[in-house]
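Notes to accompany the following structure.
Derivation of every value follows stated rules applied to the coordinates shown; laboratory data play no part. If you're wondering where the values come from, they're calculated on a predicted model, not measured in any experiment. Don't worry about glycine lacking a Cβ; one is built from the backbone with ideal geometry, like all the others, and counts go over all protein chains shown.
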Amino acid sequence: MPSCREITELLTDYAEGRLGLVHWLRLQLHLGMCSPCRAYLRQLRATAGALGKLPSPEVPADLQAELMRRFEGWKDRR
Amino acid sequence: MGPPAYQGAAADERALVARLRAGDRQAFADLIARHGGSLLRLATAIVRNRSSAEEVVQEAWLAALEGIDGFEGRAALRTWLFQIVANKARTRLRRDGRSVPFSALSSPDDGEDHAPDSDRFDGNGAWKDPPGRWSEEDPERLAQGVETRAAIERAIADLPAAQRAVITLRDVEGLEAEEICSLLDLTVANQRVLLHRARARVRLALEKHLAGGR
Ligand SMILES: [Zn+2]
C-alpha cells in the first residue's frame, strides 16, 4: 500500500489527468479511505483554480506610451 | 478544425494581424490591451525583477513587430508572443549573469527545494500533521479576497524560478503542459514535478493564511 506521503506526491499528476491506470486505481482506493488526503487534493485543486482567477496585471501607462512611440518608429521604417 | 468559437477567434486574430501589418495603430493598442498584462506577468515570473520585466516586454513587443510578417498563424498569436517573451527573458537572465541556463534549474530538486510538506508525515509516510480545514475553498472567492490574493501572489514570487515560470503558465495563464515544455525547454516529467512542487508550496501558503496562522 502506498503511504499518504506517496499519495500526495501523485495528486498533481492525478488532477492533471496524467496518471497511469495502476497508479490511478491505487489512488482512488486510497482517497476512498483517507480523508486527510482527500482534503489535500481539494486544497490543491482550489489552489490551482484560484490562480486561474487572478486578474491580469495592468500594463503601466508609461510602458504603454513607450510601446506606442516605438510602434510609430517601426511604422516609419517599413 | 476546432469548434466554431475557436474558428471565430482565429479569424478575428488574422484580421488583427493584417491590420497590424498595414500599420494600424489601433490594432497594436488592441493587441497590448489583450495580451500585454499576461506577457508582463510571464516576464516577471522569469526575471522576477519588475523593471527588468518591463524592459524585456518592451524588447519582445518590438521583436514581435519586426517579426510580424513572418508570423504564419500556425500557432495562436498568444503562443507566439509568449515564446518571444520567454526567449527574451531567458536571454536577459543569462546576460545579467544571474542564471545558470534555465534548464539547469529544472531538475526535480531545483537546487533549493524539497517537497514542501515533507515534515508533515511520520517515518512511515502517514500524516502526522494533516491539512487543516480551510475557511474557504471556492477558487473564485479565494482569488477575490484581497488578503488571500496577496498571500497567493507572495507565495508565487517566493518560488524558485523554474517553478514560478511553470505555475504561472499552467495555472495562471492556462497553457497546456506541452506548450509550456516547448516554451521553457523542459521535459514533460520535469514540468510536472515543477508544477507539483509549486502548487504544494502555494497550497501551504494558503493553508497558513486560511487556517489563521496555525
Ligand atoms: Zn492518505
Quick check: residue separation of B:ASP129 and B:ASP158 times 0.36 nm, minus the Cα distance between them. What number comes out in nm?
8.1 nm
Any cysteines in chain A with zero other Cys Cβ atoms under 4.7 Å from their Cβ? List them, or say none.
A:CYS4
Which of the chymotrypsin sites (Phe, Trp or Tyr not before Pro) found in chain A are loop residues per DSSP with 12 or fewer other Cβ atoms within 10 Å of their Cβ?
none
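Per-residue mean of other chain beta-carbon atoms within 10 angstrom of the beta-carbon, peptide B:13-21?
Shielding by partners across B:13-21 averages 0.
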Take the protein assembly as shown, drop everything but the C-alpha atoms, weight them equally and run the Debye formula without solvent; then report log10 I(q)/I(0) at 0.11, 0.14 Å⁻¹ to two decimals.
-0.71, -1.06
Karplus 3J(HN,Hα) series, Hz, for the range B:73-88 with 6.51 cos²θ - 1.76 cosθ + 1.60 (x for Gly, Pro):
x, 6, 9, 5, 4, 4, 4, 4, 5, 4, 4, 4, 5, 4, 5, 5
For the A:ARG18, A:GLU58 Cβ pair and Förster radius 41 Å, calculated FRET efficiency rounded to 0.05 is 0.75
Where GluC sites (Glu not before Pro) fall in DSSP loop in chain A, at most 12 other Cβ within 10 Å:
A:GLU58
Inter-chain Cβ neighbour average for residues A:6-12, partner chain, 10 Å
5
In debye, nearest 20, what is the charge dipole magnitude of the range A:1-55 about its Cα centre with +1 on Lys and Arg Cβ and -1 on Asp and Glu Cβ, if you could check?
180
Under a Cβ-Cβ cut-off of 14 Å, what is the net charge of the residues other than B:GLU66 that fall near it, where Lys and Arg count +1 and Asp and Glu count -1?
+3
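Counting Lys and Arg as +1 and Asp and Glu as -1, each charge on the Cβ, what is the dipole of the protein assembly as shown about the Cα centre in debye, to the nearest 20?
My answer is approximately 60 debye.
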Helix-derived mean residue ellipticity, 222 nm - over the protein assembly as shown, DSSP H n ≥ 4, -39500 (n - 2.57), to 500
-21500 deg cm²/dmol
Efficiency of FRET between B:ALA22 and B:VAL188 - r from beta-carbon atoms, R0 45 angstrom, step 0.05:
0.65
By counting other Cβ atoms within 10 Å of each Cβ, how are B:GLU59, B:GLU147 ranked from fewest to most?
B:GLU147, B:GLU59
Exercise: per-residue mean of other protein chain Cβ atoms within 10 Å, B:132-142:
4
